[in-house]
């Protein structure tokens with residue numbers, strides 16, 4: 001029997017559940033307090049009907065104009081992020097002798113790099129421009145400024161979108177230091193087995209390595225010479241960007257303060273980026289590699305929305321509307337919130353669970369899930 005491994009959130013405890021995919025899907029993690037019991041009562045839905053459902057939803061979204069290009073939005077969004085970069089450089093140069101200002105600049109640059117990441121994400125999904133090459137230019141510019149290899153990120157991220165939370169396929173859940181199923185946890189070795197054993201406690205501290213992981217993951221991809229869209233330009237831009245970054249910092253700050261600046265920038269940038277993206281899927285149902293679900297169900301039931309507010313929407317870059325983003329990856333980011341009522345209403349019509357929770361609750365669910373998944377590693381051998 002193919003199965004979905006899910007974490008069912010109770011109000012005071014967590015438990016791991018297995019949901020039969022022969023009857024489509026039951027409730028996902030945290031959708032309702034209590035255990036997952038609805039799955040066995042759901043009648044099978046044939047693939048044709050599922051596809052028709054998604055096409056109907058897409059028709060409604062299209063009619064609302066939410067897939068249209070948002071040139072006005074990006075006309076100020078792109079310059080505003082570039083201005084953040086320019087401000088960081090200017091302060092670093094002008095106030096190079098004032099240590100506390102430089103540490104604040106490193107914090108601001110961590111925020112800036114994540115916002116650059118949001119723009120790279122948008123361009124990678126072809127949200128900004130109609131012509132692919134213009135989106136590629138934005139993504140290449142982001143790669144130059146952040147050190148991220150565009151082709152590596154696109155390859156990894158597109159696989160994630162095709163099969164979110166699917167074991168052995170989704171690269172976002174195939175990592176060295178964390179486990180997302182008990183089977184995965186028991187198969188880990190070395191330092192990964194140690195960190196997985198206490199992963200609920202290690203999760204946020206280890207997010208400090210996110211920025212370095214993105215950097216070196218891309219470099220390894222280049223060395224392997226995998227599917228590079230721009231096999232010459234990408235390595236040149238990444239190396240040139242890193243050289244400019246290191247030269248600027250060490251020239252104006254010196255070796256010790258420069259190293260401290262980089263440590264603060266990269267560590268806080270990693271925590272910010274990791275904490276923004278973790279609530280999207282971590283702690284939601286995990287699918288084994290052989291699970292076959294239609295697009296609509298898999299995208300909805302493996303994603304979590306974080307309730308919107310002006311502050312939350314800014315902090316998450318609008319990607320707290322993750323269900324909406326996964327259903328329509330090419331929808332401009334500023335339209336995700338507008339699409340939410342339409343999608344919620346449609347899913348309610350179809351009886352498909354839609355999960356949205358608050359910021360703190362989402363992180364509580366993540367940690368609870370990670371702790372429960374790693375429980376076998378903490379059991380003493382008899």
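Yes or no: region 261-269 includes at least one residue that is crowded, with 20+ Cβ neighbours inside 10 Å, within 17 Å of the chain's Cα centre (by Cα) and within 23 Å of residue 203 (Cα to Cα).
Yes; the residues of region 261-269 include at least one that is crowded, with 20+ Cβ neighbours inside 10 Å, within 17 Å of the chain's Cα centre (by Cα) and within 23 Å of residue 203 (Cα to Cα).
Can you confirm whether residue 155 is over 26 Å from residue 267 (Cβ atoms) and modelled with pLDDT under 95?
Spelling it out, residue 155 is indeed over 26 Å from residue 267 (Cβ atoms) and modelled with pLDDT under 95.
Can you pull out the residues in region 60-70 that are more than 24 Å from the chain's Cα centre (by Cα) and touching a residue at least 24 places away in the same chain (Cβ under 8 Å)?
60, 64
For region 139-152, which residues satisfy the criterion of being part of a helix (DSSP H, G or I) and touching a helix residue (DSSP H, G or I) at 6+ places or on another chain (Cβ under 7 Å)? Don't jump to the end; show me each part of the working.
Taking region 139-152 and keeping what is part of a helix (DSSP H, G or I), we get 139-146, 150-152.
Those that are part of a helix (DSSP H, G or I) and touching a helix residue (DSSP H, G or I) at 6+ places or on another chain (Cβ under 7 Å): 139, 140, 142, 143, 144, 145, 146, 150, 151, 152.
Name the one entry in 201, 216 that is surrounded by fewer than 15 Cβ atoms within 10 Å (Cβ to Cβ), at pLDDT 95 or above and assigned to a helix (DSSP H, G or I).
Matching residue, one of 201, 216: 201.
Kindly provide the set of residues from region 283-296 that are closer than 11 Å to residue 164 by Cβ and within 19 Å of the chain's Cα centre (by Cα), ordered by number.
Passing the criteria: 284, 285, 286, 287, 295.
What's the number of the only condition in (1) under 30 Å from residue 346 (Cβ atoms); (2) part of a helix (DSSP H, G or I); (3) under 22 Å from the mean Cα position of the chain (by Cα) that residue 136 fails to meet?
Every condition holds for residue 136 apart from (1).
Determine the pairs where a residue that is free of Cβ contacts under 8 Å to residues at least 60 places away in the same chain and assigned by TED's automatic domain parsing to the domain that holds residue 266, located within region 208-221, has a partner that is buried (at least 16 other Cβ atoms within 10 Å of the Cβ) and in a helix (DSSP H, G or I) with Cβ atoms under 7 Å apart, the partner being 6 or more residues away or on another chain.
Matching pairs, first to second residue: 212/266.
Looking only at region 233-243, decide whether some residue is surrounded by fewer than 19 Cβ atoms within 10 Å (Cβ to Cβ) and at positive phi.
no
Let's see how each residue does on (1) within 26 Å of residue 321 (Cβ to Cβ); (2) surrounded by fewer than 19 Cβ atoms within 10 Å (Cβ to Cβ); (3) out of contact with any helix residue (DSSP H, G or I) (no Cβ under 6 Å at 6 or more places or on another chain):
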{"position": "78", "(1), (2), (3)": "yes, yes, yes"}
{"position": "97", "(1), (2), (3)": "no, yes, yes"}
{"position": "111", "(1), (2), (3)": "yes, yes, yes"}
{"position": "121", "(1), (2), (3)": "yes, no, yes"}
{"position": "137", "(1), (2), (3)": "no, yes, yes"}
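Somewhere in region 144-164, is a residue free of Cβ contacts under 8 Å to residues at least 60 places away in the same chain and surrounded by 21 or more Cβ atoms within 10 Å (Cβ to Cβ)?
No: region 144-164 contains no residue that is free of Cβ contacts under 8 Å to residues at least 60 places away in the same chain and surrounded by 21 or more Cβ atoms within 10 Å (Cβ to Cβ).
Using the structure shown, decide if residue 169 is closer than 24 Å to residue 327 by Cβ and over 15 Å from the mean Cα position of the chain (by Cα).
yes
Assess whether residue 254 counts as being surrounded by 18 or more Cβ atoms within 10 Å (Cβ to Cβ), assigned by TED's automatic domain parsing to the domain that holds residue 94 and either touching a helix residue (DSSP H, G or I) at 6+ places or on another chain (Cβ under 6 Å) or free of Cβ contacts under 8 Å to residues at least 24 places away in the same chain (or both).
In short, no.
Just a yes or no: is a residue in region 321-338 under 21 Å from residue 207 (Cβ atoms), touching a helix residue (DSSP H, G or I) at 6+ places or on another chain (Cβ under 8 Å), touching a residue at least 60 places away in the same chain (Cβ under 8 Å) and not assigned by TED's automatic domain parsing to the domain that holds residue 171?
no
Can you name every residue in region 165-193 that is surrounded by fewer than 16 Cβ atoms within 10 Å (Cβ to Cβ) and assigned to a helix (DSSP H, G or I)? Break it down into steps so the answer makes sense when it comes.
Kept after step one, since they are surrounded by fewer than 16 Cβ atoms within 10 Å (Cβ to Cβ), are these residues of region 165-193: 168, 171, 174-176, 183, 186-187, 189-191.
Those that are surrounded by fewer than 16 Cβ atoms within 10 Å (Cβ to Cβ) and assigned to a helix (DSSP H, G or I): 171, 183, 186, 190, 191.
Quick check on this structure: which one of 260, 196, 267 is part of a helix (DSSP H, G or I), outside the structural domain of residue 114 (by TED's automatic domain parsing) and at pLDDT 95 or above?
On the way: 260 fails: outside the structural domain of residue 114 (by TED's automatic domain parsing); 267 fails: outside the structural domain of residue 114 (by TED's automatic domain parsing).
Of the residues listed, the single one that is part of a helix (DSSP H, G or I), outside the structural domain of residue 114 (by TED's automatic domain parsing) and at pLDDT 95 or above is 196.
The values are calculated or read from the model by the stated rules, or taken from the named source; none is laboratory data. Because the structure is predicted, anything quoted here is derived from the model rather than measured. Using ideal geometry, Cβ is built from the backbone for each residue, glycine included, and neighbour counts are taken over all protein chains shown.
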